[in-house]
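All remarks here apply to the structure that follows.
The values are calculated or read from the model by the stated rules, or taken from the named source; none is laboratory data. Being a predicted model, the structure only gives us computed values, none of them experimental. Glycine gets a Cβ as well: all are built from the backbone with ideal geometry, and neighbour counts include every protein chain shown.
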Amino acid sequence: MPSKEEFVVTPYEVRGRIDYARLQEQFGTQALSPELLDRLRRAAGGELHPLLTRGVYFSHRDLDRLLAGLEAGRPFFLYSGRGPSGPLHTSHLLPFDLCRWFQERFHAPMYLQITDDEKFWVRGGLSRADTYRWGMENLADLLAIGFDPARTRVFFDSRSIGVMYPLAEEVARKVNFSTVRAVFGFSASQNIGAIFYTALQSVPCFWPSWYAGREIPCLIPCGIDQDPHFRVTRDLAEGLGYPKPALVHSVMLPGLLGERVMSTSGDQKDNAIFLDDPPAEVERKVGNAFTGGRATVEEQRRLGAVPEVCSVWALWRGKFASSEAEFQEVTQGCRSGALLCGECKSRLVPRVQSFLAQHAERKAAARDRVEGLILEGSLRPDGSGPVVRGDVPLP
Ligand code: SF4
């Protein structure tokens, strides 16, 4: 495993122990400062989402500008996406949980992108039918989070291409191969689908402005590993006449097996809690999870444990602590040695099981909403833009 100095973070690879302060410096992003969070809290009506107060989201680009626009009466829309290559796990929900909160607090339209084409291009071993099927399945999971159907639409790449393509053409004309190669580290043997994909990922950032014929700011909550995609998008935004999208970035939460991020490719299925894991699997996975505990009970009582390296703490932090008070109680109990790992895990397991059971019910209900939210359409006869099926929510 690479040392702390050798971490790698790209949209296609995350490895090593990430030094987030250094990463922020390398990427040129800004810290989510207490002052900025206070400003967001006031704009949101007095509260922040726990992902913001617990530091899971730690960095941003132009959130201050977005808030200034909001204060001046310019509302924004939200965009986030999913590359469908398999079932979702709890870490995948980080951007969508925050999007839902923004939607609720600011009545913001939400555009979800399902990049089934990208996964087909970059993941060997998956057929088009596979990525399509996972796309539909993942979409039902994401809608189950509770997005407002009246304010939510979906770009499902292989189905929405008719409404996306005219704008993708405009974007693609502005992105040259050397930029894409430098940002993503593509080699000469990279298939050309992945190279073109950057244009498609930019489309939802500009689409509402393009469709409405006026500037509508975009906010993208995403993992810091996805930042390079949007650096390209931001660089070409103003040249195309659209506002640069603002971003808020999350850390990469560690997987259950230890220091690795919550990657689940290959033999790493035990590295995460999947949304369709049965109760016994949850118990087994949490029971085996890597912790920041000490070698013996006596040592842990005396020295306390280390939550920052613990995959169980990451679950409390990212999703399952029901209040700030409970999160602080777990964290302080862990640090002080008052809470032992066995007890901590036993407390978490029913919480996760209950969430998954409720999620399954919400997902079953959400399946009926999937079809109606996918944007589809075709070009106008004069080629000027798409005729879109159904209403488009614009702020
Ligand atoms: S007490 Fe809980 S949070 Fe602390 S190291 Fe053990 S399992 Fe992790």
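Listed values, structure above:
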quantity	calculated
Residue within the range 100-112 that is within 20 Å of LYS269 (Cα to Cα) and in contact with a Lys or Arg (Cβ under 9 Å, 6 or more places away or on another chain) present	no
Test result for GLY69, at pLDDT 95 or above and not assigned by TED's automatic domain parsing to the domain that holds VAL349	yes
Qualifying residue in the range 205-222 (condition: in a helix (DSSP H, G or I), in the same structural domain as LEU70 (by TED's automatic domain parsing) and free of Cβ contacts under 8 Å to residues at least 40 places away in the same chain)	yes
The range 342-368, residues that are of a type outside the set (A, V, I, L, M), away from the ligand (no atom under 15 Å from the Cβ) and surrounded by 18 or more Cβ atoms within 10 Å (Cβ to Cβ)	GLN353, HIS359, LYS363
Odd one out for GLY46, checked against (1) of a type outside the set (Ser, Thr, Tyr); (2) crowded, with 19+ Cβ neighbours inside 10 Å; (3) over 20 Å from ARG231 (Cα atoms)	(2)
Selected residue (criterion: nearest to GLY372 (Cα to Cα)) from residues of the range 140-166 that are outside any loop (DSSP other than H, G, I, E, B) and touching a Lys or Arg at 6+ places or on another chain (Cβ under 8 Å)	PRO149
Filter result (of a type in the set (A, V, I, L, M) and closer than 23 Å to VAL251 by Cα) within the range 311-350	VAL312, ALA314, LEU315, ALA321, ALA325, VAL330, LEU348
So ALA289, is it over 26 Å from HIS249 (Cα atoms), within 16 Å of the ligand (Cβ to nearest atom) and small (Gly, Ala, Ser)	no
Condition met for GLU238 (surrounded by fewer than 23 Cβ atoms within 10 Å (Cβ to Cβ), farther than 22 Å from ALA72 by Cβ and of a type in the set (Asp, Glu))	no
Per-region count, the range 292-313, residues within 27 Å of SER354 (Cβ to Cβ) and either within 9 Å of the ligand (Cβ to nearest atom) or among the aromatic types (Phe, Trp, Tyr) (or both)	9
Residue list for the range 365-377, restricted to those being in contact with a helix residue (DSSP H, G or I) (Cβ under 8 Å, 6 or more places away or on another chain) and part of a helix (DSSP H, G or I)	ALA366, ARG367, ARG369, VAL370, GLY372, LEU373
Cβ pairs under 6 Å, 6+ apart, first in the range 379-395 and basic (Lys, Arg), second surrounded by 14 or more Cβ atoms within 10 Å (Cβ to Cβ)	ARG389/GLU376; ARG389/GLY377
ARG335 near the ligand (Cβ under 9 Å from one of its atoms) and free of Cβ contacts under 8 Å to residues at least 24 places away in the same chain	no
Candidates VAL56, VAL9, VAL14, filtered to the one that is buried (at least 17 other Cβ atoms within 10 Å of the Cβ), closer than 24 Å to ALA314 by Cβ and modelled with pLDDT of 90 or more	VAL56
Single condition LEU240 does not satisfy, out of (1) of a type in the set (A, V, I, L, M, F, W, C); (2) farther than 20 Å from PHE58 by Cβ; (3) within 16 Å of the ligand (Cβ to nearest atom)	(3)
Where SER323 falls short, out of the listed (1) near the ligand (Cβ under 8 Å from one of its atoms); (2) within 18 Å of LEU52 (Cβ to Cβ)	(1)
